1. Condition first: hydrophobic (A, V, I, L, M, F, W, C) and either closer than 16 Å to residue A:165 by Cβ or within 17 Å of the chain's Cα centre (by Cα) (or both). Can you find one or more residues in region A:245-254 that meet it?
2. Within region A:123-149, work out how many residues are within 12 Å of chain B (Cβ to nearest Cβ), in a loop (DSSP other than H, G, I, E, B) and farther than 13 Å from residue A:219 by Cα.
3. Does region A:241-253 contain at least one residue that is open to solvent by 20 Å² or more (accessible area, probe 1.4 Å) and at pLDDT below 95?
4. Looking at region A:10-28, is at least one residue modelled with pLDDT of 95 or more, touching a His at 6+ places or on another chain (Cβ under 8 Å) and more than 10 Å from every other protein chain (Cβ to nearest Cβ)?
5. Looking at residue B:83, is it in a strand (DSSP E or B) and surrounded by 21 or more Cβ atoms within 10 Å (Cβ to Cβ)?
6. Since residue A:349 meets every condition but one in (1) in contact (Cβ under 8 Å) with a residue 12 or more places away in the chain; (2) open to solvent by 30 Å² or more (accessible area, probe 1.4 Å), which condition does it not meet?
7. Scan (1) facing chain B (nearest Cβ under 9 Å); (2) surrounded by fewer than 24 Cβ atoms within 10 Å (Cβ to Cβ); (3) outside any loop (DSSP other than H, G, I, E, B) for the single condition residue A:81 breaks and write down its number.
8. Which residues, taken from region A:94-138, are more than 16 Å from the ligand (Cβ to nearest atom) and in contact (Cβ under 8 Å) with a residue 60 or more places away in the chain?
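The values are calculated or read from the model by the stated rules, or taken from the named source; none is laboratory data. A quick note: this is a predicted structure, and the numbers were derived from the prediction, not measured. All Cβ positions, even for glycine, are placed from backbone atoms using ideal geometry, and neighbour counts span all protein chains on display. Surface areas here come from the heavy atoms of the whole protein model, side chains and all, with no ligands, DNA or RNA. Shrake-Rupley method; radii C 1.70, N 1.55, O 1.52, S 1.80 Å.
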Amino acid sequence: MSMTISEKILAKHADRAEVHPDELIEVKVDFALGNDITAPLAIEAFRRAGAPKVFDRDRIALIPDHFTPNKDINSAMQVKLMREFAREFQITHYFEIGRMGVEHALLPEQGLVLPGDVVIGADSHTCTYGALGAFATGVGSTDLAAAMITGRIWFKVPQSVKFIFRGRLRPWVGGKDLILYAIGQIGVDGARYRAMELTGEVIESLPMTDRFTMSNMAIEAGAKVGIIAPDGTTEDYVKERAKRPYEFFQSDADAVYEETYDWDVSGFEPMVALPHSPGNVRPINELPEIPIDQAVIGSCTNGRLEDLRQAAQVLKGKKVAPGVRCLVIPATQQIYQEAMREGLLEIFIDAEAAVSTPTCGPCLGGHMGILAAGERAVATTNRNFVGRMGHPESEVYLSNPAVAAASAIAGHIVHPDSV
Amino acid sequence: MKMRGTAWKFGDDVDTDAIIPARYLNTTDPAVLAAHCMEDADPEFMKKVKPGDMIVAGKNFGCGSSREHAPISIKAAGVSCVIAATFARIFFRNAFNMGLPILECPDAAAAIATGDEVEADLDRGIIINHTRNVTYQAQQVPPFMQQLVQAGGLIPYVQEQMRRQGC
Ligand code: SF4
């Protein structure tokens, strides 16, 4: 039987020759992760279950990245609980502040999640690792607890939907714009329960950074995973980092898809998602003048080195508009350090942007840049739901890093070419 | 497993930030999470809801983050069952794993109005609107999922496995 890449990975992990969409199966988990919001619940469930040990202390990551460095006493208590659990069960990959990064940038960077893996995370953006050709999906804290004990998880095998991106991208258009376009076209439940398979010559030409951005936002279309077939670009990224063997899977030429979308993206402008849905997408040239109070460049969507390079290219020699706060948040310590070496941080500080230690921070309205009532932000993050970055009457517009940087300079949302 | 209560109706795409806003996620106390249940969708919800009542919503209920705080908040608020046209995948999973009964039924979700007296039978996948005297066949809950709910969630299930393996 012909299978998609997702089906092949699941079949392999279920010790079966083949699996079919909608089947309920149990699979082996290669890697499991939790953060300071979800891990405490998982740890509670783990302790309630009375398990004497974890299934494999090298295949679990606990990452305190959301409310850290601890924003208040509650957050400090949550992280303390994680830290103590990690010590007690000798979890190899607990990332203390100073080593910590935003989880979905950190784990691929550290070579802990790899092509061909089944990865589960108690965080919806676990789908990011689909960019490596892994079957990676977000689950709840209880699933994480059960997987930490048994090293296994149940799934309903998803249907697959194929997205073909053809043509050539214009300057300042990248992975963020493509995935926003896709979500705008199919809607926030357009890929519900299903595996999004991102293909085509445009995807093949994208660097890993842009692929991560695209897979990251698959969940914004309701997808279980946003998977990209591994290739030479993937190999270059993982070969130096991988801490264990990995395997490349490819969809069969005659694999069955529930639906196929085929787009020529050659003429595309940068895309912006308007409040309060990542599916409310418009090309930037169709927007009226939208003044902003804040620009946020960071997150697991667009906080990687190439993202910061793009923002710096726009901000170089310029100043953030009076009355606008521009926050730059490198996603990991390694990215932070590399940005420092390349002089990007200096460009940001010269431009009068604030540069922060890695954290999710404002992305989820946690801390480090909360919006007041009536305020408006442009952000390179992935969600613009009501109240996502602060007050329920604030607004978030989602864009790529160059657009966010340009908008910080202009004081309203603009194309990078216009500053 | 049967539940009966008054329906509270919500629209499509009720996201997890509406069910339990991210600003309250620095706690895992069910009572605190319950106190803010549905706060950004209907600030009055917790003043109106009674134990056993049901939430009825449109498509893609529980979209957004993977937070388990969402079904915990709903269950701790005393809601006995959520009926929706469709559920977001992670919410679907979390609800069963936390032992919060949910039923997928587009017809019932469309027809039931706030204040209707509703009965849900999980085993048979049947929803009865007593106010309007209409019965709906919901998508049946697979046996495996029913067992999860009956056990009270995934963890008791795992405990059984541990017992079998003798650890
Ligand atoms: S950066 Fe935002 S979307 Fe990514 S893990 Fe953190 S809170 Fe979630």
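1. Within region A:245-254, the subset hydrophobic (A, V, I, L, M, F, W, C) is A:248-249, A:253.
Filter once more, so that each one left must be either closer than 16 Å to residue A:165 by Cβ or within 17 Å of the chain's Cα centre (by Cα) (or both): none.
There is no residue in region A:245-254 that is hydrophobic (A, V, I, L, M, F, W, C) and either closer than 16 Å to residue A:165 by Cβ or within 17 Å of the chain's Cα centre (by Cα) (or both).
2. Within region A:123-149, the subset within 12 Å of chain B (Cβ to nearest Cβ) is A:123-127, A:137-149.
Narrowing the set further to residues that are in a loop (DSSP other than H, G, I, E, B) leaves A:123, A:139-140.
The next check asks that each one be farther than 13 Å from residue A:219 by Cα; those that pass are A:140.
Result for region A:123-149: 1.
3. Looking through region A:241-253, at least one residue is open to solvent by 20 Å² or more (accessible area, probe 1.4 Å) and at pLDDT below 95.
4. Yes: one or more hits.
5. Values: in a strand (DSSP E or B): yes; surrounded by 21 or more Cβ atoms within 10 Å (Cβ to Cβ): yes.
Criteria met by residue B:83.
6. Only one criterion is unmet by residue A:349, namely (1).
7. Unmet condition: (1).
8. Step one: of region A:94-138, the residues more than 16 Å from the ligand (Cβ to nearest atom) are A:94, A:96, A:98-99, A:111, A:114-118, A:132-135.
Within region A:94-138, A:98, A:99, A:111, A:114, A:115, A:116, A:117, A:118, A:132, A:133, A:134, A:135 meet the criteria.
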